[in-house]
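To start, the structure itself, in structure tokens.
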Amino acid sequence: MRAPRLGVNIDHIATLRNVRGVDYPCPIKGALVCQRAGADGITLHLREDRRHIKDADVYAMKQAIDIPMNLEMALTDEMLAIACDVRPKWVCLVPEKRQEVTTEGGLDVINNDKLPDFIKKLQNAGIKVSLFIDPDTAQIERAMELGADAIEIHTGAYAQSCLANDPVQIAFELERVKKGVMFALSKNPTFLVNAGHGLTADNVAPIAQINGIYELNIGHGIIADSVFMGLDKAVRNMKQAFGI
Ligand code: PXP
């Protein structure tokens, strides 16, 4: 079995920086440590409220790293303009609510008039588009119909069930993610299926071992581990925790 790629989300290095309004710790420096430690990509989320990543980080990151950059963003004209200017390898479109602590659920790609045009404009700028959706077959089917280059399955419900230590719910949520991956690959075996949200070194193995997942995007769990073990080790540790 091929291990999934690891995309490291470095938003929370910027969170730590911003609470003091200073210029350290630097998310770019962090991304370079992740790259050296074997990260296969760097993910960063430019939120409308700029609570962690700032516009300048996005531009600087593009110049600094050699591995693919995945820019997470909401469907707004402002973000579209920034993405088309920066031209990251990937954009992952996510839903965004001002008050949420983190991205709470997947994007509803069925009831969204803006999406077709948005996807086309990003792809015309040479950017590959991923859609962050729940493991729901109707959403997956629609994402594929819309011509997305990949989907990212939201693993938040799985992660929550792990936190609650509820074996029945864990098995249920894991099965939902597995079925989602299998459904997408049964429709198109070369389609790229990513997953992420709430994954930690403790809960990642069953997700990493789902056959056919292309990439896992993991942030908070790695940055949290890095407080105790250092960022280089936290990235290596996460890859090891895949268990493949
Ligand atoms: N994938 C997407 C689309 C996200 O929005 C996030 C959070 O920004 C992540 C992955 C990473 O989630 P976590 O920080 O919980 O690992």
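Laboratory data are not the source of any read-out in this text; all were calculated from the coordinates shown. Every value quoted in this text rests on a predicted model; they were computed, and no experiment measured them. Here Cβ is always computed from backbone atoms with ideal geometry, including for glycine, and neighbour counts include all displayed protein chains.
Cut-off 10 angstrom, C-alpha nodes, Gaussian network model of the chain. Which of S186, S130, S161 fluctuates the most?
S186
Most mobile of L71, L44, L192 per a Gaussian network model of the chain (Cα springs, under 10 Å)?
Fluctuation is largest for L192.
What full-extension length gain, to one decimal in nm, is calculated for L163 and R36 as 0.36 nm per residue of separation minus the Cα-Cα distance?
Numbers: separation 127, 0.36 × 127 = 45.72 nm, distance 3.05 nm.
Here the answer is 42.7 nm.
State to the nearest 20 debye the size of the charge dipole of the chain about its Cα centre, where the only charges are +1 on K and R beta carbons and -1 on D and E beta carbons. It would help to have the intermediate numbers written out before the result.
On the way: 27 positive and 31 negative charges, 142 e Å.
With only Lys, Arg, Asp and Glu charged at Cβ, the dipole is about 680 debye.
Please give the charge dipole size of segment 1-128, origin at the Cα centre, charges +1 on K and R Cβ atoms and -1 on D and E Cβ atoms. Round to the nearest 20 debye.
Values: 19 positive and 18 negative charges, 96 e Å.
Here the size comes out at about 460 debye.
From the gyration tensor of the Cα coordinates in segment 1-106, what semi-axes in whole Å does the equivalent ellipsoid have, largest first, with each one equal to sqrt(5λ)?
Working: eigenvalues 81, 60, 41 Å².
Each semi-axis is the square root of five times an eigenvalue, giving 20, 17, 14 Å.
Students often forget the sequence filter, so: which aspartates and glutamates lie under 16 Å Cα-Cα from K62 once same-chain residues fewer than 8 apart are removed?
D11, D40, E72, D85
R50 versus A125, label points 7 Å from Cα toward the beta carbon: distance in nm?
Rounded to a tenth, the inter-label distance reads 1.8 nm.
According to a simple spin-label model (label point 7 Å from Cα along Cα-to-Cβ), what is the distance in nm between E78 and R236?
For R236 paired with E78, the spin-label model returns 4.1 nm.
Listed here are the pairs K120/K233; K120/K239; K89/K239; which of them are more than 29 Å apart at the Cα?
Details: K120/K233 39 Å; K120/K239 34 Å; K89/K239 22 Å.
Pairs exceeding 29 Å: K120/K233; K120/K239.
Select from H12, I28, L80 the residue farthest towards the positive end of the dipole of segment 5-242; place +1 on Cβ of Lys and Arg, -1 on Cβ of Asp and Glu, and compute about the Cα centre.
I28
How do R47, R36 rank when sorted from fewest to most other Cβ atoms within 10 Å of their own Cβ? Could you put the intermediate results ahead of the total?
Details: R47 19, R36 11.
By the 10 Å Cβ count, ascending: R36, R47.
Points 7 angstrom from Cα along the Cβ direction at A60 and F172: gap in nanometres?
4.5 nm
Among Y214, Y59, which comes first, second and so on when ranked by fewest other beta-carbon atoms within 10 Å? Provide the component values of the computation, followed by the final result.
Values: Y214 19, Y59 13.
Lowest to highest Cβ neighbour count: Y59, Y214.
Using only C-alpha positions, report the orientation-averaged shadow area of the convex hull of the chain, nm², one decimal.
Details: hull surface 49.8 nm².
Mean projected area of the Cα convex hull: 12.5 nm².
Just name one of Q240, A150, G219: the one whose Cα is farthest towards the positive end of the charge dipole of the chain (beta-carbon charges, Lys/Arg +1, Asp/Glu -1).
The residue sitting most towards the positive pole is Q240.
Just rank F172, F132, fewest to most, by other beta-carbon atoms within 10 angstrom. Could you put the intermediate results ahead of the total?
Working: F172 13, F132 24.
Lowest to highest Cβ neighbour count: F172, F132.
As a test of the formula, what do you get for the chain when each DSSP H run with n ≥ 4 contributes -39,500 (n - 2.57) and the sum is divided by the residue count, at 222 nm and rounded to the nearest 500 deg cm²/dmol? Let's see the in-between values first.
Values: 11 runs with 111 residues, N = 244.
Taking each H run of at least 4 residues, the total per residue is -13500 deg cm²/dmol.
I need the helices of the chain that pass two filters: whole DSSP H segments spanning 27 Å or more by Cα along the axis, and mean Kyte-Doolittle score no lower than -1.0.
Helix filter hits for the chain: 167-187.
What lysines could a cross-link reach from K178, if we take a straight Cα to Cα line under 16 Å and drop same-chain neighbours fewer than 8 places away?
K187
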